[in-house]
1. Considering the range 115-139 alone, what residues qualify as being within 20 Å of residue 74 (Cβ to Cβ) and assigned to a strand (DSSP E or B)?
2. I'm checking my understanding of the structure. Among residues of the range 140-174 that are of a type in the set (A, V, I, L, M, F, W, C) and in contact (Cβ under 8 Å) with a residue 24 or more places away in the chain, which one is nearest to residue 79 (Cα to Cα)?
3. Scan 121, 111, 145 and give me the residue that is assigned by TED's automatic domain parsing to the domain that holds residue 71, within 14 Å of residue 50 (Cα to Cα) and of a type in the set (A, V, I, L, M, F, W, C).
4. Can you find even one residue in the range 83-101 that is touching a residue at least 24 places away in the same chain (Cβ under 8 Å), farther than 18 Å from residue 65 by Cβ and either among the β-branched types (Val, Ile, Thr) or assigned to a loop (DSSP other than H, G, I, E, B) (or both)?
Amino acid sequence: MARKLGIPRSRSVIKDAPRRGCMVALLVPALVALGGVALVLRAQQANVPKMTGRYHFLGPEDSVNILQEENMLKGYIDVFTGSQESDSIFSYPLIIGSRKSNQISFRTGKIHEKYYRFNGIVERGKGEKSGDPDYLQLVGELETITSNSVTGTHKVEKQHVILKSLGKNEGVPD
């Protein structure tokens, strides 16, 4: 009957069964342990507190100001322009922003045909407690998009950034 079903009649399959059982017995606990480590890491990432606060941005005087309400992000990015423009600070409002677990994304409104887009994660930094500098970090890809309204083209500059939270008593330099 076994031959008709295509099942081989080999004694080596039966002889190797105890060895396979030992391998499985060693492999299962290792996989369970690895799965446990992955769950702990996911739980740590998901337990990152609300990210409301101020973060360093591209320049030493620039900052990202975020208010997290549920899974929505609101706020603005202050960019000091120096003597290039008539205004010394441009405040780009966050027009779209969201957080799902530790994944975050936001987009600003346009000022002088320029805006910012960020996609990344929020994670714990080196600060020990809430209110310390670098307590939280925004890590990901920042895109600076500049539009040319005459030609209809867009220039996109991408860069990997780590935006560290400002401490409770830390301000952006004057």
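The values are calculated or read from the model by the stated rules, or taken from the named source; none is laboratory data. Note that the coordinates shown come from a computational prediction; the quantities given were computed from them, not determined experimentally. Cβ placement follows ideal geometry from the backbone for every residue including glycine, while neighbour counts extend to all protein chains displayed.
1. 115, 116, 117, 118, 119, 120, 121, 122, 136, 137, 138
2. So the residue we want is 172.
3. Of the residues listed, the single one that is assigned by TED's automatic domain parsing to the domain that holds residue 71, within 14 Å of residue 50 (Cα to Cα) and of a type in the set (A, V, I, L, M, F, W, C) is 121.
4. Within the range 83-101, one or more residues are touching a residue at least 24 places away in the same chain (Cβ under 8 Å), farther than 18 Å from residue 65 by Cβ and either among the β-branched types (Val, Ile, Thr) or assigned to a loop (DSSP other than H, G, I, E, B) (or both).
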